[in-house]
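Worksheet: one structure, shown below.
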Amino acid sequence: MARLRTRFDMPWPNLGLVESTGFETQPRNSTAECQNVRAYEPSTGRSRGGQRAGLSKYVNARTADGKVQDIGQVVARATPADQDEVGARTVYTYAVTNGTVASVTSSSFTTATSGSGALSGSVPTIFSSQLFGVVYFADGASTKKWTASTNTVSTWTASAGSLPVDSGNEPRLIETWRGRIVMSGISSDPHNWYMSKVGDATDWNYAPATPTATQAVAGNNADAGKSPDIINAMCPYSDDILLFFGDRSIYQMTGDPAEGGRLDLISDNIGAPFGRPYCRSPEGIVYFFGSRGGVYQMQPGSPPQNLSEKQIPERLNGFNADTTSVRMVWSDRERGFYVFLTPLDGSATTNYYYDVRNQSWWPDKFANAAHNPVSVHTFDGDAASDRTVLMGGQDGYVRKFDYTTPAKSDDGSAIDGFIFLGPIQLANRPKIMLTDLKAAIATGSSNVAFTVYAAETAQLAEAAASDQTVFTGTWVAGRNKSERRRAIGHDIYIKLQNNTSDQTWAYEFLGIELNSFDGPRGRQW
């Protein structure tokens, strides 16, 4: 039978990983398998595909060996030093490692006065929130605060009433909302929430002689009442809305509870794991990890929508909520968010990045499990290199995604970045012969290894077994010579990969020529 020749360009699969369909019906412009790659490659920000940015240490020192339990920042106003300074702000960054509080700069850790061992070193994560330049901590065991301007830790005491405590149990959740410090997570009273007086983190008098709309208030003495579900997380959304994520529900505090605010049920079948398993986009969309797995998005007043079920429905369901730290963080630079699923025993894991522009999922894996964070923070320093995601590792180091170079390794560990292009197939699934590959790799890119797999079905080809490997090779930066070795099968995959330390790569295009032994020319991949 006469052979029919087909030529086409193979685009980068901007729709990312899709595992919800059959192998033979892989959606166009998606991939069946990838790791440590992005649609918008970081060196130029262009939508052409390539390896993700690597990690570098934000500071080359550490205060202690162990988990970085918390990271955050406080911003203060300063006087311009000269006519070349516009913003005139001072950014104080802090971290808690094994219970020790320290201020952090890009060059050093400085243990706070009275900060050594000030907080619990036995809990995996500590949460904090700031009000008027003072950071207040919730570790379930103590009442401490950190004054940014003096780098001093001191005891957080009440000037009126008493701080939330029940039978010696302290809160483990803390946020700032409407100028109040909001706390919850007391193990012996898990449905209750507590709010300080507006503008005063030391006033916890729930029954002042003259009641006001700004007084301290708690769930057990407010008309809104306690949360019917145990409170696992709290998300301040706006001046009028505070979200309570329960074990299997979501409630919304609408209005100030000291002035007629009420609790409204948003969902009675999905909640969130304990801590801060959420982040927010600048547009006000809340993204959160579900209590039974999956990632959701929501805006107050609307029910949650599952973002992962149509693309990677199984990958985000197999986590252990008791032994896994679930953290999410928004990346302004990448216009998307990260989902970090860190096993607290220090074992390896796969994390995920969601590209909002393409509505696509991209799995990430660090070669060194100590790089998986238990604390995260979107840092907005003055310098472009400081507007990044900070991550507190399990080895005491604070690292960042380094977009400025971008970093070509994960703090010295090679990044194994790969993607499968395909399946290359024609309508009605005739047997095909791959006869020509013409590749262009980005200028300045490191070498890219390619492997061609062919089989009678897409699933067999995607399995990337040695007996499905037809040939391999290497492409270099720029336009490469035609690759005329042949591969025959009903389905063909081409894997692109680089796993060499201190190297990074980016894609431009791949031209493909096929001959079909029977059937029409119509192509599909």
Report task. Give the number of residues within segment 359-372 that are within 17 Å of Val295 (Cβ to Cβ) and open to solvent by less than 10 Å² (accessible area, probe 1.4 Å). Result -> 5
Query raised in the report: Would you say Ala216 is at pLDDT 95 or above, over 17 Å from Ser142 (Cα atoms) and either in contact with a strand residue (DSSP E or B) (Cβ under 6 Å, 6 or more places away or on another chain) or polar (S, T, N, Q) (or both)?
Result: yes
Query - Residue satisfying all of: in segment 402-458; among the β-branched types (Val, Ile, Thr) and assigned to a loop (DSSP other than H, G, I, E, B); nearest to Trp475 (Cα to Cα) among these - result: Thr443
Query raised in the report: Which condition does Arg172 not pass, out of (1) without any contact (Cβ under 8 Å) to a residue 40 or more places away in the chain; (2) open to solvent by 40 Å² or more (accessible area, probe 1.4 Å); (3) closer than 24 Å to Pro273 by Cβ, if it passes all the others?
Result: (1)
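Looking only at strands (runs of 3 or more DSSP E) that lie completely in segment 246-300, which have at least 3 residues being under 23 Å from Pro190 (Cα atoms) and open to solvent by 10 Å² or more (accessible area, probe 1.4 Å)?
So the answer is 250-254, 262-267.
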Report summary line: Of (1) out of contact with any Pro (no Cβ under 7 Å at 6 or more places or on another chain); (2) at pLDDT 95 or above; (3) assigned to a loop (DSSP other than H, G, I, E, B), Pro171 satisfies every one except (1)
Requested in this report: Please verify whether segment 491-511 includes one or more residues that are modelled with pLDDT under 95 and more than 26 Å from Arg48 (Cα to Cα).
Outcome: no
Report task. Would you tally the residues in segment 334-372 being in a loop (DSSP other than H, G, I, E, B), of a type outside the set (Val, Ile, Thr), within 23 Å of Thr44 (Cβ to Cβ) and within 15 Å of the chain's Cα centre (by Cα)? Result -> 3
Query raised in the report: Has segment 20-34 got at least one residue that is open to solvent by 60 Å² or more (accessible area, probe 1.4 Å), assigned to a helix (DSSP H, G or I), over 23 Å from Tyr403 (Cβ atoms) and without any contact (Cβ under 8 Å) to a residue 40 or more places away in the chain?
Result: yes
Report summary line: Pairs returned, first residue in segment 181-200 that is within 12 Å of Val217 (Cα to Cα) and aromatic (Phe, Trp, Tyr), second residue that is in a loop (DSSP other than H, G, I, E, B) and open to solvent by less than 30 Å² (accessible area, probe 1.4 Å), beta-carbon separation under 6 angstrom, 6 or more apart or interchain, are Tyr194/Pro164
Query raised in the report: Just one of Val452, Val398, Val356 is farther than 30 Å from Ser103 by Cβ and open to solvent by less than 30 Å² (accessible area, probe 1.4 Å); which is it?
Result: Val452
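Taking into account only those residues within segment 90-107 that are hydroxyl-bearing (Ser, Thr, Tyr) and over 14 Å from Gly396 (Cβ atoms), which is most open to solvent (accessible area, probe 1.4 Å)?
That would be Ser107.
The values are calculated or read from the model by the stated rules, or taken from the named source; none is laboratory data. Computed from a prediction, not measured in an experiment: that's the story for all the values here. Reconstructed Cβ throughout: ideal geometry from the backbone, glycine too, with neighbour counts over all protein chains shown. Accessible surface areas use protein heavy atoms only, side chains included; no ligands, DNA or RNA. Shrake-Rupley method; radii C 1.70, N 1.55, O 1.52, S 1.80 Å.
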